Amino acid sequence: MNKFAFRPVFYIFLGFSLALLILYYLYPASRGISGALLSGNLVLLAAALVSFRFYRKAIEAGNIQAFMRMVYMAMISKMLICMAAVMIYAFMVKPISKTAILGFFGLYFIYTFVEVRIAMRLNKEKKKNA
């Protein structure tokens, strides 16, 4: 597996973190949403690291069924991590910002799309080299 495969996810993390930090300092009224999304972005990076372990196992698997099973496991584990983060946020922060939660799940879909695309590309490269 290419050691630089995780780079696009890291660039997404850096880009969104920078944008949210700028928003945090330039617009004081949006600090609650920006802070929640910064935390969510960090949670998504950690979840992406976990799911990349599954993707690595998927690519090393010999058949397509094992590949798809690992991809689904990665997506479900990441979804469970994200739901746990939202539940913790809901219990700890009052009032709950629906905008922050929707923004977090928007980031979730972006991260998931990029990760699955990377996994499919790496699987295709492995088949060409095999």
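Considering only residues that are crowded, with 17+ Cβ neighbours inside 10 Å and at pLDDT 85 or above, which ones fall in the range 110-130?
Tyr111, Thr112, Glu115, Ile118
Taking only pairs six or more apart or across chains, which ones have beta-carbon atoms under 6 Å, a first residue in the range 56-77 that is within 14 Å of Leu122 (Cβ to Cβ), and a second residue that is of a type in the set (Phe, Trp, Tyr) and surrounded by 12 or more Cβ atoms within 10 Å (Cβ to Cβ)?
Ala58/Phe67; Ala61/Phe67; Met70/Phe54; Ala74/Phe54; Ala74/Tyr55
Any residue that is more than 21 Å from Phe10 (Cα to Cα) and not hydroxyl-bearing (Ser, Thr, Tyr) - is there at least one of those in the range 106-122?
No, there is no match, as no residue in the range 106-122 is more than 21 Å from Phe10 (Cα to Cα) and not hydroxyl-bearing (Ser, Thr, Tyr).
From the list Tyr72, Tyr11, Tyr89, Tyr55, which residue is under 19 Å from the mean Cα position of the chain (by Cα), surrounded by 13 or more Cβ atoms within 10 Å (Cβ to Cβ) and closer than 17 Å to Ile118 by Cβ?
Residue meeting the stated conditions: Tyr55.
Being closer than 19 Å to Leu45 by Cβ and either touching a His at 6+ places or on another chain (Cβ under 8 Å) or free of Cβ contacts under 8 Å to residues at least 24 places away in the same chain (or both) is the filter here; which residues of the range 88-100 pass it?
Ile88
Scan the range 119-130 residue by residue and report those that are part of a helix (DSSP H, G or I) and small (Gly, Ala, Ser).
Within the range 119-130, Ala119 is the sole residue that qualifies.
The values are calculated or read from the model by the stated rules, or taken from the named source; none is laboratory data. Computed from a prediction, not measured in an experiment: that's the story for all the values here. Counting neighbours? That spans all protein chains shown, and the Cβs are built from the backbone with ideal geometry, glycine included.
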